[in-house]
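J.: Below you'll find the structure I mean.
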Amino acid sequence: MLRIQNRGKIVNETFRVNDTEWLVAGFDDKGDKYVITLFPKESGIWSLARTLFIHIYRNLNDNGYSYRIDLRTKDFVHDTGDIHCSYLKDPMRLLEWIGYEFLQQC
C-alpha cells in the first residue's frame, strides 16, 4: 500500500501552471486514497468555486509500478490515469506531474 512521505510539506504551497497560480489547500489520507485539494487564483483571490480534487489510490496497479489517479470537481471525475511510483517519492515532483498531466487543460 502506498505511503507518501512528507506530504504535509506541500500544504499551503503555491505553484504556477500556464498563467494560473494554484494553492495546495490540503493533502489528506482517506484510508484507501490520498486526496489533494487545489484552489486556483482568479482575479487575485483563491477561487473556492473552482476547487479541484486529486485522488491517488493507495493500492498498486497490476503492473507493479503505478497507481491510479484522477482529477475531480465536486460533481464528477474529469480525467483518470496512472502515475508512476517515482513521482510519488517527492511531493514537489508530484505537483509538477499534476500540473503537467492535469492542470494544463483547466
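J.: Looking only at the stretch 45-68, how many residues end up being in a loop (DSSP other than H, G, I, E, B) and within 14 Å of the chain's Cα centre (by Cα)?
T.: Here the count works out to 1.
J.: Going by the structure shown, is GLY64 modelled with pLDDT under 95 and more than 21 Å from GLU21 (Cβ to Cβ)?
T.: Yes.
J.: Take the residues of the stretch 68-106 that are aromatic (Phe, Trp, Tyr) and out of contact with any Lys or Arg (no Cβ under 7 Å at 6 or more places or on another chain): which is modelled with the lowest pLDDT?
T.: Out of the qualifying residues, it is PHE76.
J.: Could I ask something else about it? Which one of these is touching a residue at least 24 places away in the same chain (Cβ under 8 Å), part of a loop (DSSP other than H, G, I, E, B) and among the aliphatic types (A, V, I, L, M): LEU71, LEU2, LEU94?
T.: LEU2 is the lone residue from the list that is touching a residue at least 24 places away in the same chain (Cβ under 8 Å), part of a loop (DSSP other than H, G, I, E, B) and among the aliphatic types (A, V, I, L, M).
J.: Tally time: how many residues in the stretch 25-44 are assigned to a strand (DSSP E or B) and more than 14 Å from the chain's Cα centre (by Cα)?
T.: Within the stretch 25-44, residues that are assigned to a strand (DSSP E or B) and more than 14 Å from the chain's Cα centre (by Cα) number 2.
J.: While we're on this one: For GLU42, work out the one condition from (1) closer than 24 Å to LEU2 by Cα; (2) out of contact with any Phe, Trp or Tyr (no Cβ under 8 Å at 6 or more places or on another chain) it doesn't fulfil.
T.: (1)
J.: Sort out which residues of the stretch 32-57 are under 20 Å from TYR87 (Cα atoms) and either of a type outside the set (Val, Ile, Thr) or out of contact with any Lys or Arg (no Cβ under 7 Å at 6 or more places or on another chain) (or both), and write them in order of number.
T.: Across the stretch 32-57, the qualifying residues are ASP32, LYS33, TYR34, VAL35, ILE36, THR37, LEU38, LEU52, PHE53, ILE54, HIS55, TYR57.
The values are calculated or read from the model by the stated rules, or taken from the named source; none is laboratory data. The shown structure was predicted, so the numbers you read here are calculated from the model rather than taken from an experiment. When we count neighbours, we look across all protein chains shown, and the Cβ atoms used for this are built from the backbone with ideal geometry, even at glycine.
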